[in-house]
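The values are calculated or read from the model by the stated rules, or taken from the named source; none is laboratory data. All of these numbers come straight from a predicted model, not from anything done at the bench. Neighbour counts are summed over all protein chains in view; Cβ atoms, including those assigned to glycine, are modelled from backbone coordinates with ideal geometry. Note: accessible area is taken over every heavy atom of the protein model, side chains too, but ligands, DNA and RNA are not part of it. Shrake-Rupley method; radii C 1.70, N 1.55, O 1.52, S 1.80 Å.
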Amino acid sequence: MKLQQLRYIWEVAHHELNVSLTAQSLYTSQPGISKQIRLLEDELGVEIFSRSGKHLTRVTPAGQVILAIAGEILRKVESIRQVSMEYTDEKRGHLAIATTHTQARYRLPSVIEKFIVQYPEVALHMHQGTPQQIAEMAADGTVDFAIATEGMEHFDDLIMLPCYHWNRSVVVPKYHPLASRSSITLEDIAQFPLVTYVFGFTGRSKLDDAFKARGLTPRVAFTATDADVIKTYVRLGVGIGIIAHMAFDPDLDKDLVAIDASHLFEPSTTRIGFRKGTFLRGFMYDFIKAFAPHLTRERIEAAVLAHSQGDREHVFDGVELPCF
């Protein structure tokens, strides 16, 4: 059994069982990958992939177990490389982040701008997706950090650290009946069609809970995964929008009015998560602290040592998170 063979089966499984695509991504030959997978299966005495002719069709039950173990081995190997680099070239490396549009567009630019100045030789890779996809990428080692508000709590392999609280604004065109109101109620909002986030995105669950608690059923006319699209359809008159307060830009959104809605909804908490067992390099600690200044190295290390997410939360008892 060779480490290269484990890499091949892992990559094939994560390229939709497409050996040709995997070969392109690894800069090697398709026959070479196929041969090594066959040699590994022969050695183990089980099929990792089912086949139809020359095509791989699915991962076998045995293959699922083998792939899970292979993933752990490959992550440990990567950790060993990271340890080596930390002690030989601490300012060089790579950092992969998965996050939502709202974080990538409104919270991360200033953090990344400063990080690039501090660590110009660290290659940054940004992935956007749904909260579920983001958590999965962190859990399987595709990315180093996942930054999201929802979806990560279902992954036991992730260590999640609270970064900040945030709440919402209602956005309407300047001519809208609510535009002159300094304060609004849920009943006011329920009178109009609503444009907001897709369920499971950017704290949408808190919005639904608030309406449900008041016995109201909002008329959701349009949903989207990012605030810029929501604002576009508010401008078109599809409905009034509910977005993260941070997503309203007074300079770019001069044709819209933002009405504070923080008194109507429970605040949401954005978290940064990484897989248990991840070796955090110095620049990774610095990135986390730049994004959430209260997440010092000492607090992060204490959270890593906690036995459960509940114990982890106690690490931050008495810490006042910023609110946006």
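If a paramagnetic tag sat 7 Å from the Cα of Lys174 along the Cα-Cβ line, which residues of segment 242-277 would have the backbone N under 14 Å from that point? What the label zone holds, given the 14 Å backbone N cut-off, is 250-258.
Could you pull out which residues in segment 1-42 have an amide N less than 11 Å from a spot 7 Å beyond the Cα of Arg51, following the Cα-Cβ vector? So the set is 34-39, 41-42.
In terms of Cα atoms, the Rg and Dmax of segment 155-206 work out to 15.7, 49 Å.
A Stokes-Einstein calculation at 25 °C with viscosity 0.890 mPa s, built on the Kirkwood radius of segment 184-241 over Cα pairs, returns a diffusion coefficient of 213 µm²/s. Taking the Cα centre of segment 246-324 as reference, the dipole from Cβ charges on Lys and Arg (+1) and Asp and Glu (-1) amounts to some 600 debye. Each of the peptides 167-173, 116-122, 57-63 was scored by the mean count of other Cβ atoms within 10 Å over its residues; in descending order, highest first, they stand as 167-173, 57-63, 116-122.
The Lys35 and Leu305 beta-carbon pair, evaluated with R₀ = 30 Å, returns a calculated FRET efficiency of approximately 0.10.
Listed by chain and number, the lysines whose C-alpha is less than 20 Å from the C-alpha of Lys254, apart from same-chain residues fewer than 8 away, are Lys174, Lys231. For segment 25-80, the Kirkwood hydrodynamic radius from C-alpha pairs, put into Stokes-Einstein at 25 °C and a viscosity of 0.890 mPa s, yields a diffusion coefficient of 196 µm² per second. Springs between alpha-carbon atoms under 10 Å, Gaussian network over the chain: tell me which of Asp311, Asp253, Asp42 tops the mean-square fluctuations. With Cα springs under 10 Å in the chain, the top fluctuation among Asp311, Asp253, Asp42 is at Asp42. Note: relative contact order over segment 1-118, using C-alpha pairs below 8 Å and six or more positions apart, is 20 percent. The orientation-averaged projected area of the convex hull spanned by the Cα atoms of segment 1-120 comes to 9.9 nm².
Placing pseudo-labels 7 Å out from each Cα toward the beta carbon at Ile73 and Asp156 gives an inter-label distance of 2.4 nm. Reported to the nearest whole Å, the Cα centre-to-centre distance from segment 151-204 to segment 259-324 is 21. Using 0.36 nm per residue and subtracting the Cα-Cα separation, the extra length available between Tyr27 and Asp249 on full extension is 75.6 nm.
Considering segment 7-56, its Cα convex hull presents a mean projected area of 3.2 nm². Here r is the Cβ-Cβ distance between Glu16 and Ser110 and R0 is 41 Å; the resulting FRET efficiency, rounded to 0.05, is 0.70. Here the chain yields Rg over Rh of 1.04, to two decimals, using C-alpha coordinates and the Kirkwood radius.
For segment 1-114, the solvent-accessible area of protein heavy atoms averages 57 Å² per residue (probe radius 1.4 Å; ligands and nucleic acids excluded). Rounded to the nearest 500, the 222 nm mean residue ellipticity of the chain from helices alone is -12000 deg cm²/dmol, with -39,500 (n - 2.57) taken per DSSP H run of at least 4 residues.
Note that segment 93-196 shows a convex hull volume over its alpha carbon atoms of 152 Å³ per residue.
Placing pseudo-labels 7 Å out from each Cα toward the beta carbon at Glu320 and Asp228 gives an inter-label distance of 3.5 nm. The average projected area of segment 246-324, computed from the convex hull of its Cα atoms over all directions, is 7.4 nm². When Ile243, Ile80 are compared by accessible area at a 1.4 angstrom probe, the order from most to least is Ile80, Ile243. Spin-label model, Tyr285/Arg235: points 7 Å from Cα along the beta carbon direction are separated by 4.5 nm.
Taking only protein heavy atoms and a 1.4 Å probe, the accessible area of the chain is 54% carbon and sulfur. Compared with the dominant Cα axis of the chain, that is its longest principal axis, helix 30-44 is turned about 70°.
Rolling a 1.4 Å probe over the protein heavy atoms gives segment 194-266 an accessible area of 47 Å² per residue. Scaled against the 2.2 N^0.38 Å expected of a compact globular protein of N residues, the Cα radius of gyration of segment 145-292 reads 1.17.
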